[in-house]
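Asker: First, the structure itself, so that you have it in front of you.
Since every read-out is calculated from the coordinates, none of them should be taken as a lab result. For clarity, every value in this text was computed on a predicted model and none was experimentally measured. Here the Cβ positions follow ideal geometry from the backbone for every residue, glycine too, while neighbour counts run over all protein chains shown.
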Number of protein chains: 6
Amino acid sequence: MGPERKSHILSKKEKEIAAYHEAGHALVYSSIPGTEPVRKISIISRGMAGGYTLQVPSEENRMRTKTQFMAEIAGLLGGYCAERLIFGEMTTGASNDLARASELARRLVKEYGMSPLGPIVFGDTNEMVFLGREISEQRNYSEKVAAEIDKEVEQVIKSAEKTASEIVKRRKSLLEKITKTLIEKETIEREEFEKIIGKKQPSIYKE
Amino acid sequence: MGPERKSHILSKKEKEIAAYHEAGHALVYSSIPGTEPVRKISIISRGMAGGYTLQVPSEENRMRTKTQFMAEIAGLLGGYCAERLIFGEMTTGASNDLARASELARRLVKEYGMSPLGPIVFGDTNEMVFLGREISEQRNYSEKVAAEIDKEVEQVIKSAEKTASEIVKRRKSLLEKITKTLIEKETIEREEFEKIIGKKQPSIYKE
Amino acid sequence: MGPERKSHILSKKEKEIAAYHEAGHALVYSSIPGTEPVRKISIISRGMAGGYTLQVPSEENRMRTKTQFMAEIAGLLGGYCAERLIFGEMTTGASNDLARASELARRLVKEYGMSPLGPIVFGDTNEMVFLGREISEQRNYSEKVAAEIDKEVEQVIKSAEKTASEIVKRRKSLLEKITKTLIEKETIEREEFEKIIGKKQPSIYKE
Amino acid sequence: MGPERKSHILSKKEKEIAAYHEAGHALVYSSIPGTEPVRKISIISRGMAGGYTLQVPSEENRMRTKTQFMAEIAGLLGGYCAERLIFGEMTTGASNDLARASELARRLVKEYGMSPLGPIVFGDTNEMVFLGREISEQRNYSEKVAAEIDKEVEQVIKSAEKTASEIVKRRKSLLEKITKTLIEKETIEREEFEKIIGKKQPSIYKE
Amino acid sequence: MGPERKSHILSKKEKEIAAYHEAGHALVYSSIPGTEPVRKISIISRGMAGGYTLQVPSEENRMRTKTQFMAEIAGLLGGYCAERLIFGEMTTGASNDLARASELARRLVKEYGMSPLGPIVFGDTNEMVFLGREISEQRNYSEKVAAEIDKEVEQVIKSAEKTASEIVKRRKSLLEKITKTLIEKETIEREEFEKIIGKKQPSIYKE
Amino acid sequence: MGPERKSHILSKKEKEIAAYHEAGHALVYSSIPGTEPVRKISIISRGMAGGYTLQVPSEENRMRTKTQFMAEIAGLLGGYCAERLIFGEMTTGASNDLARASELARRLVKEYGMSPLGPIVFGDTNEMVFLGREISEQRNYSEKVAAEIDKEVEQVIKSAEKTASEIVKRRKSLLEKITKTLIEKETIEREEFEKIIGKKQPSIYKE
């Protein structure tokens, strides 16, 4: 993100899209256990992004489960799903989220062994060293397995999409409430957010 | 584009082709909602291009929809479709447009998740760093998925082609009118264009 | 081409093959509308080439049609077809023509969208920049599409081959006439050529 | 591993997961003949790792059998299996073990000829030398064989997984005992470990 | 080739193999029209080669036919066929000939359009420039076409093999005669060779 | 190999494995005609190797047959087969032999034309030159042919494995005798070896 820009540069329409988008993120995150609390939502643009949703920073955590990853990916798709629900289609504003979601999904399948393919790590790990630097990678698996990996990645994304989709649909009125407040105030802090959604968000790490 | 060249260097035939081509662009753009207004059409060559059609510049816009992209792609194919309608075949003058249309179509499918393949990002993103620079990319998806991507890209282009085709066919008389004026005057500004097509072009961003 | 070499270095047999070859080019070019007039044919070797056929130089032309390309490709295959007709097989003297014909055919299909595959551009365009230079290209289409492209390229070449083949066969006596004159005089200028073929060659650009 | 960190930085939950994880390793290693004795288990974090299980260092040994490798791989999967048994799913804390297990499995199949594919070595051995360094490798086998290799690697991992899985399930009470002690004491030396499991661990090399 | 080595370094057995090998070359070359006359055969080793068969040097010839190439390839396989006929199997002494034959066969199919695939050139011609040098090539055809090319290359080699095979078998007594002389004299010049085979060898270029 | 190490560093078990391994090599070599005589066997480790079997050095020989290669490959697999026969499985001590055997098998099929695929050379010979060095290779054959090559390589290895296997099984008592002596004396010279196997080994080159 870059420095804040006055939001009047966003056209009214864009402001509305950005608000639903961020509200979508926040709503999905706060609806699924296993994600850190939302602490701030804003549609004041920073650099490239039209807005942002911040969660409480994780402690340095070496142990994440597939459940947590799926929640994360669903949250990332929250903006995309909200746009689709309200406007009938998505905008390129969601493409960065999609990229991160896809990357996470691929890691989940290829590096963490968290798919039906089992506890095997698939890497592009035959790295060559050239003048002390890596210059080339080569898959260490066949085209056949590459297709299986693609299928599992698709499953992960579709499952997370379904989760996020159902949440924004089922809790549409909450979505509208958060959006309305965002458009008015441009920024919502954690306390106010918890008032809107009507509950406190527990940290997953304080037990 | 380069500096203007006197149009008498274009042979009479080429001038005619260029005029229909640019008229095709302008006609398609102005017939589909979701594109910025045409503000100038010209067949005075600049550098490589035989002519050009300029739209009102977009504001810095982070949020484009698939509908807008399809309109853009259809507009890009407007020159090609006009040439084919009038002359029975296309010329290489359209190849730059085709390249841009194909590139946009590929981005739409691979980076923006705007195809039936869903909200997955397909990248050539396993980039290696070499002496601080990237030197190699490798697909992060299988041959099977590559074929699916190709199919969706083909769908996008065919759909846009159909749109543009129907417009130039259905509105052929308008096409002729714009072309005739272009051949006479060589340049048409926005106001005159709107007179010819008989309506004002709304900006998609002023609401 | 390099400096002229005295033709007595070509053996009598080679001289005959070269003459039929160039005559084949000239005959096909002048038999198909859409190509520039032949202005000079010679079997005085230059550098690597055993002879050459020169056409009137095109004006700087940004707009070529598929019809014109097919004519060009057929012309390029004229030498090969003449050799085959007269001698029963081709010689390596035609291989440069074949390379150029294949290159043109591939461009026609991949870059100009002039095949049944439609207005899609297939590129090896994911170029990487390394130290300011490109070092790698990667197809941006699947193996499946690569096979479809190959098929269309084959169609283009076969179609052009058929055209050129039929011309040299059907007009064999003209072929013999041109060849006989070439062997005698070693060079034929445009005027004399038009006398032999019995008609003037119109420029495609002077209208 | 890095310097020790005070374990109170691990949350109570993470400490529990780490304890079961290391106990899993230790239990599997000590249950299968062909592995060196466990000499120390700890959940005091070092650098990235949440804990560690140390075996008696092998003597420099040039001769390892498939049986020994399978035992090693099963041991590596011991942590993953324990997490799954107790918590229902794995954490990313096991991903390093999975990477090592996969690497070993691939070497077993490709370099040591220890699979049904037989005594053939499959390499990425067509290395090119560039400025005295290797810069590129190319498989020296076909895509078909790559798929066969993948299948055998999968077999190895699945077999080892089954072994480790059954051990932690069958000997669950032992697993709990080791874990409980680890949580209390944070470190268990060899002698105490052998007390818990009720037997001495023979070295495979002292005969 | 390198400087001559005294042939007594070749064991008696090797000398015999080398003699049959060179005799095979010479016999096939002189039995097929379309090849230049054999002017010298020797089993005095030079560098790596166990012997050599020299033909009259071609004049600078830009026009070679498929017939001539097939004769050349058959000639190259003459040594291999002789070894197989007499000894039941080939030796590595023939591997350089095989490499040259294969290379020629591939050029014939891919560059000269002299196969049933037709007058299409298949190249590895998408060369990239790196620091002014080419660093990478990429096939400009699909895997499907690669398989078709392989099939045609195989056809060319098999056909040439058949030709050479039949010659050495049918003319075995001549083969023996040439070999016997070679073993005795170590070198045979053109005149003596023509005496042995009982005819003069016409140059293909003196007409 | 590196400097000799005192064998007491090898454990008693490893010493036994190494002895059977080297005995296996020696037994197979000496049982098949077409290989040079064994002149020394030792289980005194040198560097990485647990032992070694030396043959009489070949004279510089340009002419090797498939028969000789198959004998060589079988000999290389002799250690592996002995380990399997006696201990039920192989150790990593054989992996270097396997690598050399595979390499030889691939050369036999791809470079020497000594397989049912015929006298065709398959190369990774489209080498590019970069700053005077080669930097990249590309197969000059299709994936389909790559699979055929793999099949033939497999055939070669399996055939050699069968040969070596039957020898060590059929002549097991000899294997035991050689091993016993090796364990006692650590080194066996040619003369003693010929006493054990009961015959002299003829050189293949002294005729």
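Asker: Only counting other Cβ atoms within 10 Å, I'd like A:LEU77, C:LEU174, A:LEU85 sorted with the fewest neighbours first. Can you show the working numbers first?
Answerer: Numbers: A:LEU77 29, C:LEU174 19, A:LEU85 16.
Listed from fewest to most nearby Cβ atoms, that is A:LEU85, C:LEU174, A:LEU77.
Asker: To continue, here is another question. Which FRET efficiency value, to the nearest 0.05, is calculated for A:ILE44 and B:ARG100 with the Förster distance at 41 angstrom and r the Cβ-Cβ distance?
Answerer: Details: r = 34 Å, r/R0 = 0.82.
According to the calculation, E is roughly 0.75.
Asker: At R0 = 35 Å, how high is the FRET efficiency between A:LEU85 and B:LEU54 if r is their beta carbon distance? Nearest 0.05 is fine.
Answerer: Values: r = 36 Å, r/R0 = 1.04.
So, using R0 = 35 Å, E works out to roughly 0.45.
Asker: Follow-up. Within 10 Å of each Cβ in peptide E:14-26, how many partner chain Cβ atoms are there on average? Round it to a whole number, please.
Answerer: Details: counts 5, 0, 0, 3, 2, 0, 0, 1, 0, 0, 0, 0, 0.
What the average comes to for E:14-26 is 1.
Asker: Could you give the nm distance between label points at C:THR187 and D:GLU166, where each point is 7 Å from its Cα heading toward the beta carbon?
Answerer: Inter-label distance under the simple model: 9.1 nm.
Asker: At R0 = 25 Å, how high is the FRET efficiency between B:ALA147 and C:GLU111 if r is their beta carbon distance? Nearest 0.05 is fine.
Answerer: Numbers: r = 21 Å, r/R0 = 0.85.
According to the calculation, E is roughly 0.75.
Asker: Follow-up. Ranked highest first by the average count of other Cβ atoms within 10 Å around their residues, in what order do D:185-198, F:177-190 fall? Each step should come with its number before you reach the end.
Answerer: Numbers: D:185-198: 15.8, F:177-190: 18.0.
Per-residue Cβ counts within 10 Å, averaged per peptide and sorted highest first, yield F:177-190, D:185-198.
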